[in-house]
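The values are calculated or read from the model by the stated rules, or taken from the named source; none is laboratory data. Everything quoted here is computed from the prediction, not taken from an experiment. Reconstructed Cβ throughout: ideal geometry from the backbone, glycine too, with neighbour counts over all protein chains shown.
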Amino acid sequence: MTTPRHRYLRAVPVAVAIGLIALLTLEPRPRQAPLSAATPWHCLVCGQLGRVDVILNVALFLPLGFTLFRLGFGPLRSALVGLGISGLVELLQAFVVAGRDPSLSDLLTNTLGAGLGAMLAQAFPRLVRPEPRLAGRLAAGAAIT
């Protein structure tokens, strides 16, 4: 039986993931305001660093999805929570935080990251202690790589 204290302790990693997201996305950057204003919000992979931005956004929300799954959320619900948090971040970047660049790409890739994090958490036990057949496939894939 899970006590209220244990439930609270299980929620701590989610709070840490959300705090990390806030720390990395809501820091004002007033010197970048002209560049942010010039970037269209609807662009999906923009500029020279567009691909890097996509990868970083997915990676930023992976821990959130992973910890939400460990808390009992499925991949879809984790992605929806990621969508909500990302939407809030993008709104804050658009109207409150100076010099940040809100975009549709961020919203989509953050949501994807949360969903992938939950899917990774779901597959994690099988990857850490795979059954013999899967272990052989993983070893062959690693050897090929």
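One residue stands out in the stretch 107-122 among those that are buried (at least 24 other Cβ atoms within 10 Å of the Cβ) and aliphatic (A, V, I, L, M): the one that is farthest from P34 (Cα to Cα), namely A118.
Among the criteria (1) at pLDDT below 90; (2) within 19 Å of the chain's Cα centre (by Cα); (3) of a type in the set (D, E, K, R), the one D106 does not fulfil is (1).
Would you point out which residue out of L76, L71, L64 is within 19 Å of the chain's Cα centre (by Cα) and under 21 Å from V97 (Cβ atoms)? Break it down into steps so the answer makes sense when it comes.
Details: L76 fails: under 21 Å from V97 (Cβ atoms); L71 fails: under 21 Å from V97 (Cβ atoms).
So the residue among L76, L71, L64 that is within 19 Å of the chain's Cα centre (by Cα) and under 21 Å from V97 (Cβ atoms) is L64.
All conditions but one from (1) within 20 Å of G87 (Cα to Cα); (2) touching a residue at least 12 places away in the same chain (Cβ under 8 Å) apply to R31; the one that does not is (1).
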